[in-house]
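Data block below; observations after.
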Amino acid sequence: MASAGPPPPERNLSLPGPSGTKPKKTRRSLSYEVKYTIIQELIWRSSMEHMKITKSTGASMIKYFHNQLLLKTEKLLVRYLVRQARRNMAVDTRSVKEYARELYIAVARKMGTTEPKPFNASSGWLQRFKIRNKITNINIGGEEASADRAAAREFPPFLREIMEEGQYSDDQVFNMDESGLFWKKLPSKSFVVKNASKIRGRKMQKECITVLFTTNASGTSKLKLSVIHTACKLHAYKTMDMTKLNVHWLTARKAWMFSTLSLSWFDDCFVPDVKKFCERQNVPFKILLLLDNAPGHSPL
């Protein structure tokens with residue numbers, strides 16, 4: 001049997017160093033503050049890299065403002081909201097959507113875009129628009145936020161001067177104001193069975209009418225109420241003469257007051273009722289009517 005021979009030489013696996021041996025890894029405990037600092041630094045470095053990439057590629061502009069027509073519309077809409085806020089004018093969701101659609105059409109016409117992309121000013125777009133421009137909603141108590149308090153303090157002496165110059169008595173000074181009335185409105189939440197909650201087309205029922213109130217300064221005359229409804233004649237009144245109701249029945253597509261309807265109310269409702277009052281009280285037919293400075297009130 002042959003001999004196995006000499007054994008192979010041993011290999012030196014030690015790393016070069018002062019002692020010629022591999023240094024051992026040491027573990028040490030870190031405090032919570034040190035760990036938090038390290039994590040914050042890692043997050044900051046990651047965000048800085050993301051900002052460099054975004055700035056060099058323009059990814060944020062491509063993501064949010066790919067429609068230049070919509071971008072210009074939103075800029076003009078923001079300026080409009082700023083102007084309205086400076087004037088203490090309240091703006092609701094419906095008016096913002098309508099004005100946005102009008103701006104979009106006007107901007108498309110000015111930019112020469114023959115076939116612009118459809119823009120409906122949906123609720124989803126409005127929500128994203130508010131987030132992008134940091135716009136929030138606030139609750140206002142009626143018309144208090146839009147009231148000019150300084151002008152309100154100066155108006156009574158000014159009105160008294162007009163009454164003295166024109167020789168108007170308190171019986172001859174009338175004021176008209178309007179208010180919305182939700183005569184059929186369900187609560188926003190209700191208890192329903194499980195199957196009913198899956199039915200499509202469920203919508204909260206809320207039908208609103210506008211009521212006009214008119215009275216004089218002395219309180220001796222409260223004219224017949226005027227009601228603005230969407231229907232010329234309701235089904236329950238199909239056999240009734242609408243002129244014989246206890247109110248003046250007016251119609252509008254959205255049950256709101258507008259300039260043409262205000263003129264019709266003045267000629268057909270206000271003037272005849274005031275004439276009857278003046279004849280009964282033996283008061284000269286010389287009337288001063290006060291109206292709010294609203295878009296729906298036409299200058300008479």
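Summary of values
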read-out	value
Test: residue in the stretch 268-280 that is more than 17 Å from THR215 (Cα to Cα) and assigned by TED's automatic domain parsing to the domain that holds ASP171	no
The stretch 265-298: number of residues that are surrounded by 13 or more Cβ atoms within 10 Å (Cβ to Cβ), over 30 Å from the mean Cα position of the chain (by Cα) and outside any helix (DSSP H, G or I)	4
Helices (runs of 4 or more DSSP H) wholly inside the stretch 17-134 that include at least 3 residues being at pLDDT below 80	32-57, 59-64, 68-86
When residues of the stretch 155-181 are limited to those that are of a type in the set (Phe, Trp, Tyr) and part of a helix (DSSP H, G or I), the one nearest to LYS254 (Cα to Cα)	PHE155
Tally of residues being closer than 18 Å to GLY180 by Cα and assigned to a loop (DSSP other than H, G, I, E, B) across the stretch 239-264	8
Exclusive hit being farther than 15 Å from GLU178 by Cβ, assigned to a helix (DSSP H, G or I) and at pLDDT below 90, set ALA236, ALA231	ALA236
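The values are calculated or read from the model by the stated rules, or taken from the named source; none is laboratory data. As the structure is a prediction and not an experimental result, all values here were calculated from the model. Cβ sites come from the backbone with ideal geometry, for glycine too, and all protein chains shown count toward neighbours.
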